[in-house]
Amino acid sequence: MLVVRTESPTDTAEVRDLLVAAFGQDDEAELVDLLRLSPDYIPELTLVAEEAGEIVGHVMVTWVPLHLDGGGRRDVLCVAPLAVRPDRQRRGIGRALLGEALRRADAMGEPFAGLEGDPEYYSRCGFVVAGEHGLRLPSPTVPAWAHQVYLLGGHDPALRGRITYPPVFWALAATGFPEPVADEGPYAVPWLFELAHYAGWIESVTLSADLGRAVPACPGWSVGDLLAHLGTVHRRAAGWVRSGRCPRTVPAPPPGPADGAGSGDALWRWYADGWRDLRDVLAAAGPETPAATWSPWEATLGFWRRRMVHETAVHSRDVLEALHGGDGGPGPDGGDGRGGTGAGDGYRRVHAWTVRDEVALDGIDEVLRLWLGTRLGDRCDGDGALVRVAAGGRVWTVGLHPGTVEVHDLPTAPDAVVSGAPAGVYAWLWGRAGDAAVTVEGDAAAVATLRRALAVATG
Ligand SMILES: CC(C)(COP(=O)(O)OP(=O)(O)OC[C@H]1O[C@@H](n2cnc3c(N)ncnc32)[C@H](O)[C@@H]1OP(=O)(O)O)[C@@H](O)C(=O)NCCC(=O)NCCS
């Protein structure tokens with residue numbers, strides 16, 4: 001006989017095995033272990049299905065924040081994860097677990113329970129698309145159809161807003177990029193998709209974070225300072241596009257915790273508003289559309305799309321490192337998806353920051369040709385050494401001279417070669433990874449000169 005009951009502490013090892021078996025990986029088991037430790041855990045909504053003394057199914061329902069349209073916030077229920085042991089699937093166990101969890105949630109007077117999942121399955125269990133009830137996506141990387149809700153007795157149609165996830169979801173889910181989906185509007189567009197991914201990720205993980213925490217990659221800065229910086233850069237770029245020139249002024253950020261000003265909510269909101277406005281400005285026309293820029297060779301919206309992705313992607317890595325510790329970065333082979341160990345905030349593991357090859361290669365080109373080749377070469381203290389940078393089948397040869405840098409792709413024999421996976425070389429050039437992220441051959445002094453010149457651009 002199948003019994004659905006509240007999970008007890010003695011079930012956890014069996015539950016872990018079940019989750020690993022059902023999902024074929026340990027991410028969801030890790031998520032459940034971390035959620036049990038979090039303030040969002042609801043013991044009476046964490047259930048197991050038991051049959052003949054064995055645990056054959058599990059469901060967890062926890063609190064997630066709903067940011068109400070018109071201001072304010074309240075917690076709502078989120079179903080994640082749901083799993084049935086592979087040898088017992090398709091026998092109604094998933095439905096029984098969901099049914100009991102939803103019955104208990106209803107008895108609590110809750111308005112709805114949300115989740116991300118396959119509508120093929122969840123629509124059979126009474127779930128409907130969340131967007132149709134004014135409940136917006138937690139993330140631009142989640143397709144609209146995957147976000148669903150089950151409306152409970154306490155549902156009020158006026159309860160509308162944006163759901164976000166506690167950082168533990170993001171820390172474990174930020175493993176890379178799902179393929180853009182054609183009907184996702186601006187998010188489907190390469191570069192805008194990346195912008196929303198990195199900027200939205202920063203927004204989500206800083207929502208309930210300590211904004212006073214130091215950012216190791218940007219000495220002297222707190223996470224709040226980084227939000228202020230990014231919010232300013234995003235507004236300046238939007239200003240360039242809107243006014244057709246470098247904007248004379250950019251609105252100042254509200255004070256954050258580093259200024260002794262409260263929790264930083266106003267700063268967080270200012271950051272969140274800024275990147276969304278920038279995204280809308282950059283989505284208004286195609287990438288070839290003329291736009292004022294500071295690039296000597298590219299005056300298009302496409303320039304800003306790519307520039308803002310690099311700015312935001314690199315700093316998202318800094319935020320990951322600041323909030324979760326470790327170097328968080330890809331290794332020489334592009335990383336194994338595992339970052340550092342959390343520092344006192346309940347995290348035992350976070351996934352590494354990742355970057356698609358196309359984005360990484362564009363960023364390598366930008367930092368070498370645009371930053372070093374046109375803007376910062378005058379600070380170079382080289383002696384004429386040639387360093388070749390190679391990644392993803394592309395090659396840049398960088399001539400480091402006193403007060404100037406030339407970048408070309410001629411096959412001239414270099415004094416040193418720096419090569420690796422695009423993500424590793426990107427992180428290395430931007431000063432976010434050590435030499436372990438790349439392969440360095442030849443004249444070490446020439447490579448050191450390149451790193452020094454880059455530090456001016458990327459520090
Ligand atoms: C998804 C899962 C929880 C379903 O549990 P289950 O016990 O096998 O499902 P049920 O037997 O309760 O099925 C309920 C209904 O959904 C249907 N269904 C089950 N699995 C389905 C699937 N993968 N796709 C489409 N429909 C499915 C069943 O046919 C049934 O429909 P019916 O009542 O009209 O006949 C289970 O397959 C599982 O653990 N999968 C791996 C983990 C996972 O993907 N979890 C969900 C994301 S958090």
- Item | Scope region 410-436; condition farther than 16 Å from R369 by Cβ, more than 19 Å from the chain's Cα centre (by Cα) and part of a helix (DSSP H, G or I); matching residues | W428, D435, A436
- Does region 219-257 hold any residues that are more than 19 Å from D280 (Cβ to Cβ) and surrounded by fewer than 17 Cβ atoms within 10 Å (Cβ to Cβ), and which are they? P219, G220, R245, C246, R248, T249, A252, P255
- Check whether at least one residue in region 234-245 is assigned to a loop (DSSP other than H, G, I, E, B), under 21 Å from E288 (Cβ atoms) and at pLDDT 80 or above, and report yes or no. yes
- Item | A423 being under 23 Å from R307 (Cβ atoms), at pLDDT 90 or above and outside the structural domain of P219 (by TED's automatic domain parsing) | yes
- Note on the structure: Residue hits (region 107-122; outside any strand (DSSP E or B) and either crowded, with 18+ Cβ neighbours inside 10 Å or within 11 Å of the ligand (Cβ to nearest atom) (or both)) are E110, P111, G117, D118, P119, E120, Y121, Y122
- Task: Would you be able to tell me the number of residues in region 64-99 that are over 25 Å from Q25 (Cβ atoms), modelled with pLDDT under 95 and part of a strand (DSSP E or B)?
- Result: 7
- Task: Please work out if A96 is more than 11 Å from the ligand (Cβ to nearest atom) and of a type in the set (A, V, I, L, M, F, W, C).
- Result: no
- Of residues in region 123-136 being in a helix (DSSP H, G or I) and within 15 Å of the ligand (Cβ to nearest atom), the one surrounded by the most Cβ atoms within 10 Å (Cβ to Cβ): C125
- Of the residues in region 9-29, how many are aliphatic (A, V, I, L, M) and either outside any helix (DSSP H, G or I) or loosely packed, with under 13 Cβ neighbours inside 10 Å (or both)? 1
- Query: Quick one: how many residues across region 2-53 are among the β-branched types (V, I, T) and within 16 Å of the ligand (Cβ to nearest atom)?
  - Reply: 7
- Out of (1) over 23 Å from L102 (Cβ atoms); (2) of a type outside the set (K, R); (3) touching a Pro at 6+ places or on another chain (Cβ under 8 Å), the odd one out for H67 is which? (3)
- Tell me, which residue of region 71-93 that is of a type in the set (A, V, I, L, M, F, W, C) and more than 7 Å from the ligand (Cβ to nearest atom) is farthest from A49 (Cα to Cα)? V76
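The values are calculated or read from the model by the stated rules, or taken from the named source; none is laboratory data. Quick caveat: nothing in here was measured; it's all calculated off a predicted structure. So basically every Cβ, Gly included, is an ideal-geometry build from the backbone, and we count neighbours across all protein chains shown.
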